[in-house]
């Protein structure tokens, strides 16, 4: 049975006091679903978040990491550093990292390898932009991103991989992706993985939807058979909204 997962990506938001206040609000929420819950605070607040949530069923994950194990990479953080403070899951390939920091599939493949070598789980993000969707190339783009970054892995490695589909064209653009469009792409992603590995492997991988999930649309999106949860941006910064999404299952 695939895990249902809701992960909150806080991006570059919340200083230490704000992080502690939000975590305090999260602790007050009542979870009625069986979904696995994650939050990804800024690097500076990971340790504080981990300590605050040590006895809670909320996992603290990182928003990014470098592929090297150490060295002269000013401003970067490696897998061992994350593991040393209790963080064992990392988001890689987020659309903002690709767009603003020019992260390529080849670079992301190295990051994935580094994370897996350190026994970390990976939330691997990918997705097409508006021009790709309008030209009908969305499946080709998505397949290429998955293939280039992940298809060098052994099938067994996918036990450590969570996929997160981000339709970039539906995030902050005024365009809206329907639950049916989400399901269609998630089914395509699962078939792509099945063709590469096996149906058993594909059926075991959780695929999250990262296209502006909110409390008012989460239940319909999560009801689709190949949507296993969400990678949540803005709505994860309000505890009540975030848990409304968590409880949408």
Worksheet item: Quick one: which of 220, 240 is assigned to a helix (DSSP H, G or I), touching a helix residue (DSSP H, G or I) at 6+ places or on another chain (Cβ under 6 Å) and surrounded by fewer than 22 Cβ atoms within 10 Å (Cβ to Cβ)?
Response: 220
Worksheet item: Here are some residues: 49, 72. Which one is at pLDDT 95 or above and assigned to a loop (DSSP other than H, G, I, E, B)?
Response: 72
Worksheet entry | Whichever residue in region 21-35 is within 22 Å of the chain's Cα centre (by Cα) and free of Cβ contacts under 8 Å to residues at least 60 places away in the same chain and, among such residues, is surrounded by the fewest Cβ atoms within 10 Å (Cβ to Cβ) | 27
Item to complete: Go through region 52-77 residue by residue and tally those that are in contact (Cβ under 8 Å) with a residue 12 or more places away in the chain, over 17 Å from residue 116 (Cβ atoms) and surrounded by fewer than 17 Cβ atoms within 10 Å (Cβ to Cβ).
Response: 3
Discussion item. So, residue 86, is that one in a loop (DSSP other than H, G, I, E, B), surrounded by fewer than 18 Cβ atoms within 10 Å (Cβ to Cβ), modelled with pLDDT of 95 or more and under 19 Å from the mean Cα position of the chain (by Cα) or not?
Written reply: yes
Discussion item. Within region 1-20, take every residue that is surrounded by 13 or more Cβ atoms within 10 Å (Cβ to Cβ) and assigned to a helix (DSSP H, G or I) and give me the one that is nearest to the chain's Cα centre (by Cα).
Written reply: 19
Worksheet item: Just one of the numbered conditions (1) buried (at least 21 other Cβ atoms within 10 Å of the Cβ); (2) assigned to a loop (DSSP other than H, G, I, E, B); (3) more than 15 Å from the chain's Cα centre (by Cα) is not true of residue 225; which one?
Response: (1)
Worksheet, complete the sentence: The residue from 235, 182 that alone is farther than 15 Å from residue 37 by Cα and in contact with a strand residue (DSSP E or B) (Cβ under 9 Å, 6 or more places away or on another chain) is 182
Worksheet item: Looking only at residues in region 191-207 that are under 18 Å from residue 224 (Cα atoms) and touching a strand residue (DSSP E or B) at 6+ places or on another chain (Cβ under 9 Å), which one is surrounded by the most Cβ atoms within 10 Å (Cβ to Cβ)?
Response: 207
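The values are calculated or read from the model by the stated rules, or taken from the named source; none is laboratory data. Since this is a predicted model, take the numbers as computed values, not measurements. Here Cβ is always computed from backbone atoms with ideal geometry, including for glycine, and neighbour counts include all displayed protein chains.
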